[in-house]
Amino acid sequence: MSTSNVDWLRWTTIAVFVVAIAMAAVIAWDRLGGTSADPHIFASVVYDPAETMPDFTLTAQDGTPFTLSEQRGEVVALYFGYTHCPDVCPLTLSNLARVRNGLPEDLREDLQVVMVTVDPTRDTVEVMADYVPVFDASFIGISGTPAEVERVLGSWRIPVELGEPDAAGNYAVGHPAYTLILDREGRRLLKMNQIITFEQMAADLRAVLEQS
């Protein structure tokens, strides 16, 4: 056999060997659940399957009716808090504003942040109008009568506890520190807990916007 034939055979053997190793690696990776384009791994709690929650209508900060189901087609970040909250609420809204402002414009317009008050006695529509848009002009604050808000909190299983008023009549309100993310079909998809980092929050929201 000539030298050229030997070289050709050697390189052909090497090429076949490399291809075989590559195919074996791909098969092993697939068996482990990996692909070349792995889906986003959420830091938030994932509701699987995504859950359709009760619709509701309350009053938006501009005095118009706000109906949750009318937000279909957008990803909704739904937060239950109150304007007298000293820390968790302003931090959450600030982070959501940062996330939204960091998104590409086409995705930014598809994210609607909504804050539902858990303290309707103090958080009138006028108070919500002075508070919520400070974080981002696109954010919507909604309120209602105590009975209306209580029905929403009950149907969404949002635990709320009113503290004892002090001498000046001020009181704290115990409420969840998470944000619920609804997909474009209005289904509850994620529970974004306060313990995740800002970077994880941003990545989770972007993934929902891009995938849904």
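Results, tabulated for the structure shown:
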item: So T59, is it within 18 Å of L205 (Cα to Cα), of a type in the set (S, T, N, Q) and surrounded by 18 or more Cβ atoms within 10 Å (Cβ to Cβ); result: no
item: Exclusive hit being in contact (Cβ under 8 Å) with a residue 24 or more places away in the chain, exposed (fewer than 13 other Cβ atoms within 10 Å of the Cβ) and either of a type outside the set (K, R) or under 30 Å from A172 (Cα atoms) (or both), set H84, H40; result: H40
item: Of residues in segment 173-195 being in contact with a Pro (Cβ under 8 Å, 6 or more places away or on another chain) and outside any strand (DSSP E or B), the one least open to solvent (accessible area, probe 1.4 Å); result: P176
item: Condition met for Q112 (out of contact with any strand residue (DSSP E or B) (no Cβ under 8 Å at 6 or more places or on another chain), within 25 Å of E51 (Cα to Cα) and among the polar types (S, T, N, Q)); result: no
item: Members of segment 130-153 found to be open to solvent by 50 Å² or more (accessible area, probe 1.4 Å) and assigned to a helix (DSSP H, G or I), listed by number; result: D130, V134, P146, A147, E148, E150, R151
item: Hits in segment 62-84 (condition: closer than 30 Å to G163 by Cβ and either at pLDDT below 95 or touching a Pro at 6+ places or on another chain (Cβ under 7 Å) (or both)); result: F80
item: Sole exception among (1) among the polar types (S, T, N, Q); (2) surrounded by 14 or more Cβ atoms within 10 Å (Cβ to Cβ); (3) modelled with pLDDT under 95 for N170, by number; result: (2)
item: Pair list, Cβ < 9 Å and 6+ apart or interchain, from segment 185-212 residues that are closer than 22 Å to G81 by Cβ to residues that are among the basic types (K, R) and part of a loop (DSSP other than H, G, I, E, B); result: G186/R72; V208/R184
item: Residue list for segment 101-112, restricted to those being open to solvent by less than 40 Å² (accessible area, probe 1.4 Å) and modelled with pLDDT under 95; result: L103, L107
item: Hey, L153 modelled with pLDDT of 95 or more, of a type in the set (A, V, I, L, M) and out of contact with any helix residue (DSSP H, G or I) (no Cβ under 9 Å at 6 or more places or on another chain) or not; result: yes
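The values are calculated or read from the model by the stated rules, or taken from the named source; none is laboratory data. For clarity, every value in this text was computed on a predicted model and none was experimentally measured. Please note: Cβ atoms are built from the backbone with ideal geometry, for glycine as well, and neighbour counts cover all protein chains shown. Calculation scope for accessible area: heavy atoms of the full protein, side chains included, ligands and nucleic acids excluded. Shrake-Rupley method; radii C 1.70, N 1.55, O 1.52, S 1.80 Å.
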